[in-house]
Structure formats: C-alpha cells, structure tokens
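Below is one structure; the comments refer to it alone.
The values are calculated or read from the model by the stated rules, or taken from the named source; none is laboratory data. What you are looking at is a predicted structure, and each value in this text was computed from that prediction instead of being measured. Virtual Cβ from ideal backbone geometry, glycine too; neighbours counted across all protein chains shown.
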Amino acid sequence: MNELNTTLLQPFQYEFFIRGIIVAILVGGVNGLLGVYVVLRGMSYIGHGLSHAVFGGAVVSHMLNINIYIGALLWGLISSIAINRVSRSGKVRADAAIGIISTTGFAVGVFLISSTRSFTRNFEALLFGNILGITYLDMIVIAVVSIVVVAFFLLFNRIMLFTIFDRETAKVYGVRTDAVDFVFSILLAIVVIATMNAIGVTLLAAVIVAPAISARLLTNNFTKMLILSTVIGAITAFAGMYVSFLFDSASGATIVLFSASVFGIVILYRVHKQLHRRVIHKHMHKWDHEHH
Amino acid sequence: MVAVSIKDITYGYTHAPVLERINLDVSRGEVVGLLGPNGSGKSTLLKIIAGLIKPWSGSIEFGDGMSNRPVIGYMPQVDGIDLDFPITVEEVVALGLWNRSRGVMPWHTSRYVREKVYNVLEDLGMSSKAKSQIGELSGGEQKRVFLARAIVHDPELLLLDEPTTGADPSTRDDILRMLHELNRKTKVTIILSTHDIIGVAMNLPRVVCLNKRIMVDGYAKDVLTKDNLLRVYGLIDSM
C-alpha cells in the first residue's frame with residue numbers, strides 16, 4: 001500500500017509536473033467555462049477552427065524570431081474576426097467559414113515546417129500537447145488569462161446570456177451585440193493560445209466542447225451548467241495530465257480521452273435514468289390497471 | 001401627438017423590395033395592427049421601427065411626446081429562438097431589465113428586478129411557472145413569457161411580432177385583453193403584426209393592411225371588408 005502511495009505521489013516531487021498540473025487545472029476550467037457559451041451559441045466548431053488557425057501564426061512568428069504567443073495571438077484575432085464577418089454576411093454559413101479560414105492557417109504552418117528543414121523547435125507539443133513543453137511563462141500566461149476570463153463572465157454574464165439566447169431582442173434593448181461577439185472572439189483566441197502548449201492545437205476543440213455538453217446533459221440550469229462545465233473541465237484535465245505522465249503519453253490526447261469518457265458516462269447515466277423512468281411508469285400503469 | 005412617424009420607407013432583403021414607400025403615423029397611446037399575408041413585410045417593418053434593420057431609403061421619427069428613441073419593448077417571433085436553451089422563465093423576463101439587473105455584486109439580481117419580474121408574471125398569470133424552464137412550457141405560455149419580457153421595463157413603445165400566433169383562442173384573448181388594459185393604464189403605444197383577421201385584427205381599434213405597400217389603413221370595422229381583404233390577400237377564404 002505504501003509502495004502504491006509512493007508511486008502515485010512520486011510525480012509530485014518534480015517541479016515540471018506540479019507546473020503541468022496547475023496549468024492543466026486552469027486550462028480545463030477556463031475552457032470548460034468558455035465552452036458553455038460556445039456550445040450554446042451553436043458554434044462548437046469554432047474552437048477547433050481557431051486552434052488550427054493559430055498554428056500557422058505560431059510557426060510564422062517562430063520563423064521571424066518573434067515570441068510565438070504574439071504571432072499566434074495576432075493570427076488568432078484576425079482569423080476570429082474573419083470567421084465572424086464571413087458568417088455574418090449571410091451567404092456563407094459559420095461552419096464553412098471556419099472550415100476554410102482555419103484550415104488555411106493550419107496549412108500555412110504545416111507548409112512552412114515541411115518545406116523548411118532548419119527548425120530547431122519541436123512543434124509536436126504544440127500539435128498534441130506535452131507536459132514537458134509547459135514552461136513557467138505558460139503557467140503565468142494561463143493564470144492571468146483565467147482571471148481575465150472569469151472576471152469578464154462575472155461582470156458581463158447577463159449581456160452574454162441575452163446575446164446568445166435572443167440576439168435580436170438584445171440588440172433592440174441596447175446590448176451592443178457586435179461588440180459582445182468581438183470581445184468573445186478575442187477571449188476565445190486568447191484562451192486557445194494560452195492553452196495550446198498543454199493540450200495541443202489539434203485536440204483543443206474537444207476540451208472546449210466536451211465538458212460543456214456533458215454539463216448540458218446533466219442540468220437545465222444555466223448557472224449550474226457554467227459551474228459543472230468548469231469543474232468537469234478542471235477534473236478531466238487534471239486526471240489526463242496526471243495519467244499522461246504515468247504512461248508517458250501526449251497530455252492533450254490523454255485529457256481529451258478523459259473528457260470523452262466523462263461524456264460517455266453522462267450519456268450512459270441519462271440512458272439508465274430514462275430506462276428506469278420507463279420501467280417505473282410501466283409498473284405504475286400495470287398497478288393502476290390491476291386495482292381499478 | 002405623433003409617437004412614431006414612418007416616412008417613405010423602402011427596404012428589401014435582395015434586390016426586390018419587401019416594403020415600398022411606406023408612410024405611416026402612429027399617435028401616442030394608439031394600438032395598431034399590421035395585417036397581411038406571409039411575406040407582406042409586417043415583421044420587416046417592425047424590425048425597421050425597432051432599429052434592427054436600416055432601410056434603403058426613408059426614415060423613422062419618434063414624436064416629441066417621447067425621448068429621442070423611446071424605450072422600446074420588443075417581442076420577436078418565437079420560432080427564431082432556441083427554446084431548448086437552459087433558461088428559466090424568470091431569467092428570460094429579467095433579461096428585459098438587463099441594464100438594471102445588478103444587485104450588490106454584478107452577477108446578483110437586485111430586489112427591484114425580482115419584484116418587477118414577479119409582478120409582471122403575476123399579471124400574466126405565469127408566476128407559478130417562474131422557475132420552470134422555457135422549453136417546458138406550452139406555446140401559449142411561452143408567448144406570455146416573451147410578452148412579459150417585452151413589458152417588464154415599462155416601455156413607451158411596444159412592438160409585437162405575431163404575439164398570438166400559435167396560441168389557443170383563450171390565450172389569444174387573454175393576451176389581447178392584457179394589452180388593451182396595459183394601453184389604457186400606461187398609454188403605451190402598441191404596434192403588433194398579425195395574420196389573424198377574426199381573432200386579432202377585428203378586436204383592434206386601427207388596422208393597417210400591408211402587402212409590400214400600405215393597402216388600407218383605418219378603423220378595423222371599415223378596413224376589414226370583403227373587398228379590402230381580397231385586395232390584400234388575393235383570396236377571401238381566410239375569412
């Protein structure tokens with residue numbers, strides 16, 4: 001027993017592991033929170049799109065010897081605004097806009113990596129996430145981003161709720177819905193960039209969407225959904241990061257597998273609940289029939 | 001005293017206009033029904049008045065009895081809203097007071113808001129459903145909730161897009177009765193769209209028949225004649 005405890009607690013001796021775990025909890029929580037708005041806006045694909053798009057920016061900025069966060073942020077903002085504009089034009093649907101804009105950004109990154117053989121940086125962590133790739137700077141960035149995101153939603157929760165529930169009426173009532181969209185896009189781009197080292201750009205979408213849809217299946221209450229999604233996100237990211245160390249697997253992939261497992265469990269729970277309700281209903285119906 | 005003055009409005013979604021040279025004055029405290037078939041431009045005109053759509057030409061002026069842009073209460077068609085959204089009845093209504101919602105902390109709902117929401121739900125016979133999810137309600141109940149949100153912030157101008165469509169006759173009559181009472185008490189100006197000739201239009205003091213242009217405008221009893229309806233709808237079967 002003591003041996004098992006020692007094995008399980010052993011990773012906590014390493015500073016990089018503790019750093020990775022802190023980042024994972026923050027990343028999972030903040031993506032879970034943001035994911036609620038993404039899912040309820042019916043734009044689940046946007047996280048996938050944005051994360052792919054910023055990869056191009058990160059590679060380009062690395063080539064130009066600029067901090068990859070700056071390049072990725074600029075690229076993310078431009079992509080985000082472009083997706084919003086194109087999808088609001090009415091002629092192109094949001095999914096199509098995300099598909100073309102994000103894949104182009106990703107293609108730029110892949111093209112540059114494959115055609116230039118002089119890279120010293122390993123982009124594998126950026127693609128699939130790696131606990132070893134998480135730096136002290138990443139931890140500071142995600143901590144600041146988490147504070148900004150939580151503060152934003154506490155202050156502007158009603159405006160966000162009004163905009164995603166009934167955009168047209170919100171506009172009549174003086175909510176600047178275009179500004180809300182713009183700020184939300186910026187926040188999403190910032191979170192994607194702050195998260196990409198831990199999760200990896202190719203897997204990030206699941207971390208945004210999975211906790212939110214699991215929470216949606218568990219509750220009909222908006223506030224509870226926000227809390228549940230944040231908690232599910234943080235727990236699955238913690239578990240995924242921890243297991244990724246034990247199995248030496250990519251952290252992003254492991255976290256996504258945990259998120260997907262929670263979603264699967266929630267689905268099974270719902271099915272079980274429905275069957276249980278049906279059985280009770282059937283018995284009550286039979287009892288009624290026999291006694292009347 | 002004119003509350004809303006629609007001056008020479010023309011607008012279309014593609015190159016063909018949906019509304020053409022619309023001129024209409026609505027007095028303060030008046031109740032006006034926009035009647036016409038589907039696609040006649042009723043909803044579009046309401047959206048232009050609400051400021052959601054900028055017309056190709058023409059303008060909307062608000063009378064001197066109101067501030068520059070009056071406080072508007074708006075009820076959209078419910079079909080455009082995701083009714084599976086995780087939101088309760090009281091939360092929906094409180095959105096009408098979004099800029100007055102703050103309590104001690106930004107996310108806290110103030111007592112003022114809670115009371116206003118409760119009172120308006122009580123007036124519409126919906127207070128027992130305050131904690132229900134919007135998606136759990138019947139079509140008629142949902143109409144009442146969106147109407148509650150439209151009036152909770154004491155608007156000067158109420159724009160209602162098909163407020164009774166999909167409601168059963170009893171709910172429809174309740175909504176109309178409630179609107180007339182609100183208008184009598186507060187002198188709120190009401191413009192609503194409908195395609196229900198017998199249930200709604202006949203119970204309104206003024207009806208404007210619309211089909212791209214204003215075809216007839218006047219007292220309901222004068223407007224809703226066989227000849228006029230034939231001109232507006234091209235058919236009389238809807239009577």
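With respect to A:GLY264, determine if the residue is more than 22 Å from A:ASN5 (Cα to Cα), assigned to a helix (DSSP H, G or I) and away from every other protein chain (no Cβ under 14 Å).
So A:GLY264 fits the description; yes.
Sort out which residues of segment B:145-168 are at pLDDT 90 or above, closer than 15 Å to B:GLY125 by Cβ and more than 11 Å from chain A (Cβ to nearest Cβ), and write them in order of number.
B:VAL145, B:LEU147, B:ALA148, B:ILE151
Would segment A:246-269 turn up any residue that is more than 30 Å from A:LEU126 (Cβ to Cβ) and over 22 Å from the mean Cα position of the chain (by Cα)?
Within segment A:246-269 (the criterion being more than 30 Å from A:LEU126 (Cβ to Cβ) and over 22 Å from the mean Cα position of the chain (by Cα)), the answer is yes, since at least one residue qualifies.
Condition check: more than 16 Å from the chain's Cα centre (by Cα), surrounded by 18 or more Cβ atoms within 10 Å (Cβ to Cβ) and polar (S, T, N, Q). Does B:GLN133 satisfy that?
Yes.
Within segment A:197-206, is even one residue under 16 Å from A:GLY42 (Cα atoms) and hydrophobic (A, V, I, L, M, F, W, C)?
Just the residues of segment A:197-206 that are under 16 Å from A:GLY42 (Cα atoms), to begin with: A:205-206.
Those left that are additionally hydrophobic (A, V, I, L, M, F, W, C): A:205-206.
The answer is yes; a qualifying residue exists.
Got a sec? Which of A:ILE25, A:ILE18 is among the β-branched types (Val, Ile, Thr) and either over 19 Å from A:ILE255 (Cα atoms) or in contact (Cβ under 8 Å) with a residue 24 or more places away in the chain (or both)?
A:ILE25
How many residues does segment B:172-187 contain that are touching a residue at least 24 places away in the same chain (Cβ under 8 Å) and among the basic types (Lys, Arg)?
2
Looking at A:ILE78 and the list (1) at pLDDT 85 or above; (2) in contact with a helix residue (DSSP H, G or I) (Cβ under 8 Å, 6 or more places away or on another chain), which single condition is not satisfied?
(2)
Which of the residues that make up segment A:162-187 are of a type in the set (A, V, I, L, M, F, W, C) and within 19 Å of the chain's Cα centre (by Cα)? Break it down stepwise before answering.
First pass over segment A:162-187, keeping only residues of a type in the set (A, V, I, L, M, F, W, C): A:162, A:164-165, A:170, A:172, A:175, A:179-180, A:182-184, A:186-187.
Scanning segment A:162-187 gives A:ILE164, A:PHE182, A:VAL183, A:PHE184, A:ILE186, A:LEU187.
Residue-wise test of (1) part of a loop (DSSP other than H, G, I, E, B); (2) surrounded by 24 or more Cβ atoms within 10 Å (Cβ to Cβ); (3) touching a Cys at 6+ places or on another chain (Cβ under 9 Å).
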position: A:VAL54; (1), (2), (3): no, yes, no
position: A:HIS62; (1), (2), (3): no, no, no
position: A:LEU73; (1), (2), (3): no, no, no
position: A:ILE78; (1), (2), (3): no, no, no
position: A:ALA82; (1), (2), (3): no, no, no
position: A:ARG85; (1), (2), (3): no, no, no
position: A:VAL92; (1), (2), (3): yes, no, no
position: A:GLY99; (1), (2), (3): no, no, no
position: A:ALA107; (1), (2), (3): no, no, no
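With the structure loaded, tell me whether B:GLY58 is surrounded by 14 or more Cβ atoms within 10 Å (Cβ to Cβ) and either charged (D, E, K, R) or in contact with a strand residue (DSSP E or B) (Cβ under 9 Å, 6 or more places away or on another chain) (or both) or whether it fails that test.
When the stated conditions are applied, B:GLY58 passes them.
Could you name every one of the strands (runs of 3 or more DSSP E) located completely within segment B:1-90 that has at least 2 residues being away from chain A (no Cβ under 14 Å) and closer than 27 Å to A:PHE165 by Cα?
Hits in segment B:1-90: none.
When you scan segment A:168-248 for helices (runs of 4 or more DSSP H) that lie fully inside it, which ones turn up with 1 or more residues that are crowded, with 24+ Cβ neighbours inside 10 Å and within 14 Å of another protein chain (Cβ to nearest Cβ)? Give the derivation first.
Numbers: elements: A:177-199, A:204-218, A:222-247.
Helices (runs of 4 or more DSSP H) meeting the threshold: A:204-218, A:222-247.
For A:VAL150, work out the one condition from (1) more than 14 Å from chain B (Cβ to nearest Cβ); (2) part of a helix (DSSP H, G or I); (3) of a type in the set (A, V, I, L, M, F, W, C); (4) farther than 30 Å from B:LEU158 by Cα it doesn't fulfil.
Of everything listed in (1) more than 14 Å from chain B (Cβ to nearest Cβ); (2) part of a helix (DSSP H, G or I); (3) of a type in the set (A, V, I, L, M, F, W, C); (4) farther than 30 Å from B:LEU158 by Cα, A:VAL150 misses just condition (1).
Determine if segment B:66-77 includes at least one residue that is surrounded by 18 or more Cβ atoms within 10 Å (Cβ to Cβ), aromatic (Phe, Trp, Tyr) and modelled with pLDDT of 90 or more.
Yes, segment B:66-77 contains at least one residue that is surrounded by 18 or more Cβ atoms within 10 Å (Cβ to Cβ), aromatic (Phe, Trp, Tyr) and modelled with pLDDT of 90 or more.
Taking the stated definitions as given, is A:VAL141 of a type in the set (A, V, I, L, M, F, W, C), outside any helix (DSSP H, G or I) and either within 19 Å of the chain's Cα centre (by Cα) or over 24 Å from A:THR195 (Cβ atoms) (or both)?
No, not satisfied.
For segment B:112-128, which residues satisfy the criterion of being touching a strand residue (DSSP E or B) at 6+ places or on another chain (Cβ under 9 Å) and at pLDDT 90 or above?
The answer is B:VAL117, and nothing else.
State yes or no: is B:ILE190 under 18 Å from B:ALA148 (Cβ atoms) and touching a residue at least 24 places away in the same chain (Cβ under 8 Å)? Walk me through it before giving the result.
Values: under 18 Å from B:ALA148 (Cβ atoms): yes; touching a residue at least 24 places away in the same chain (Cβ under 8 Å): yes.
For B:ILE190, the condition - under 18 Å from B:ALA148 (Cβ atoms) and touching a residue at least 24 places away in the same chain (Cβ under 8 Å) - is met.
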